[in-house]
1. What's the total number of residues in segment 389-408 that are within 10 Å of the ligand (Cβ to nearest atom) and under 22 Å from residue 426 (Cβ atoms)?
2. Only one residue in 351, 361 is away from the ligand (no atom under 16 Å from the Cβ), touching a strand residue (DSSP E or B) at 6+ places or on another chain (Cβ under 9 Å) and touching a residue at least 40 places away in the same chain (Cβ under 8 Å), so which one is that?
3. Which one of these does residue 462 not meet: (1) out of contact with any strand residue (DSSP E or B) (no Cβ under 9 Å at 6 or more places or on another chain); (2) in contact (Cβ under 8 Å) with a residue 12 or more places away in the chain; (3) in a helix (DSSP H, G or I); (4) over 30 Å from residue 216 (Cβ atoms)?
4. Does residue 271 satisfy being farther than 20 Å from residue 148 by Cα and assigned to a loop (DSSP other than H, G, I, E, B)?
5. For the list (1) under 26 Å from the mean Cα position of the chain (by Cα); (2) surrounded by fewer than 19 Cβ atoms within 10 Å (Cβ to Cβ), I need the number of the one condition that residue 326 fails.
6. For residue 373, are the conditions met, namely being surrounded by 16 or more Cβ atoms within 10 Å (Cβ to Cβ), over 18 Å from residue 152 (Cα atoms), touching a residue at least 60 places away in the same chain (Cβ under 8 Å) and within 18 Å of the chain's Cα centre (by Cα)?
7. So, residue 418, is that one surrounded by 17 or more Cβ atoms within 10 Å (Cβ to Cβ) and at pLDDT 95 or above or not?
Ligand code: UDP
């Protein structure tokens, strides 16, 4: 398809959380690179994190505008600067955070009224229900963006709309969810929805579902080959189009784009990249458990000991807020970094994850199975050690380990509720971590087959994004849909 005229203007409204914003910014860049005008709404603290990306797209003259709207912290009783979910110390502030997100509607609409060309479509995060009203007000279609794949979205839908839970008496015995690919089994305790328990949140959930029903379609960061028939099944049950346009992280082609993606990289990162250059190909385990949860120091110590005991080279990411005095004291008393010198490295703060995963020295990824991380691991053709923590991550683990067969479980059985990380303490022991690493790097037949499957999947992920690939074609379809105007047939 030829590039659309610049009058196709897509408005992106992300949820202010790293796992949601990062893929949406990538997606905006993908649509802009295909000739659409893109406007992405953000707030000052978040814009600061994306400064390099913003400057680069301006430098390249891409038709993409980042618009900063002040986040009304004070108005809703949030401390100033609490503009991203990863800054909230606990879910108690979640309702206020969503309240503040709701207050962005008016200034965004005001900005949109003045913006030229006029908007022709909106892609907004599933959690931002008011965007449905905004799209209607502007007479434009709205597509919902789930910051996860179709596999977890369909499984949640099928659990909700079947009576499969009626006969389940144990929280801990795996059962089959109807309508999912063969081999899909999960326990009741592991189902999404068990991680956040806030009274006011139910009201939000209701609004989100209503807004989802009103949307014209769904856009996902995934690719057709990964989804094992879930896209067709989901389209059928919701009666709307579902387009997979990813893995969107692959739009970051050069090293500096990968390095500064989503936040300013920690000062340890340069050193890490140089160290990786000195390591043997496919020898290093990269351990990073996402952007949101801050595990108990005792649990992190187990992770450190497990990495140490594995005898395998590693990069360990300790995020801000985790590296508090208890953990830091332990690292010092144990002379941890001194002892693992030459074999292991610690990054404190934001790791340039995609740049690290793309390094030839990385041979495995210990991940919490956040959708973006799992997908980024697949793009780098990596086998994974899976340590799900919350939300749909246990479902993603089933996809990685049982369906795709590119992962080894670390042995986490139940989710950790957000805000209760310290209360829960240790769920995974040092020896389980070391055992999973050994299994992953093993040269036995299983290990080799796992690596082969990961390599094949990585190739499919890349092909999907190339011209003629499924995701590339889906971007064309989305643009065609927008250009064809409001009268579109349902699926
Ligand atoms: N990420 C990163 N550096 C970090 C931590 C996270 O670049 O130190 C990125 C990661 O590459 C991914 C996103 O943040 O794109 C996290 O999203 P994911 O869905 O994996 O997990 P979440 O943080 O939402 O739990």
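The values are calculated or read from the model by the stated rules, or taken from the named source; none is laboratory data. Just so we're clear, the structure is a prediction, and the values are computed from it rather than from any experiment. Every residue, glycine among them, receives a Cβ derived from its backbone with ideal geometry; neighbour counts consider all protein chains shown.
1. Here is the first cut: in segment 389-408, the ones within 10 Å of the ligand (Cβ to nearest atom) are 389-393, 396.
Then drop every residue that is not under 22 Å from residue 426 (Cβ atoms), which leaves 389-391, 393.
Adding up the residues that qualify gives 4.
2. On the way: 351 fails: away from the ligand (no atom under 16 Å from the Cβ).
When all the criteria are applied, what remains is 361.
3. Evaluating residue 462 over (1) out of contact with any strand residue (DSSP E or B) (no Cβ under 9 Å at 6 or more places or on another chain); (2) in contact (Cβ under 8 Å) with a residue 12 or more places away in the chain; (3) in a helix (DSSP H, G or I); (4) over 30 Å from residue 216 (Cβ atoms) leaves (4) as the failure.
4. Considered against the rule, which asks whether it is farther than 20 Å from residue 148 by Cα and assigned to a loop (DSSP other than H, G, I, E, B), residue 271 comes out as no.
5. Unmet for residue 326, out of (1) under 26 Å from the mean Cα position of the chain (by Cα); (2) surrounded by fewer than 19 Cβ atoms within 10 Å (Cβ to Cβ): (1).
6. no
7. Spelling it out, it is not the case that residue 418 is surrounded by 17 or more Cβ atoms within 10 Å (Cβ to Cβ) and at pLDDT 95 or above.
Each row is one residue, and each column tells you yes or no for (1) in contact with a strand residue (DSSP E or B) (Cβ under 8 Å, 6 or more places away or on another chain); (2) farther than 30 Å from residue 398 by Cα.
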{"site": "63", "(1), (2)": "yes, yes"}
{"site": "72", "(1), (2)": "no, yes"}
{"site": "80", "(1), (2)": "no, yes"}
{"site": "86", "(1), (2)": "no, no"}
{"site": "99", "(1), (2)": "no, yes"}
{"site": "105", "(1), (2)": "no, yes"}
{"site": "116", "(1), (2)": "no, yes"}
{"site": "142", "(1), (2)": "yes, yes"}
{"site": "149", "(1), (2)": "yes, no"}
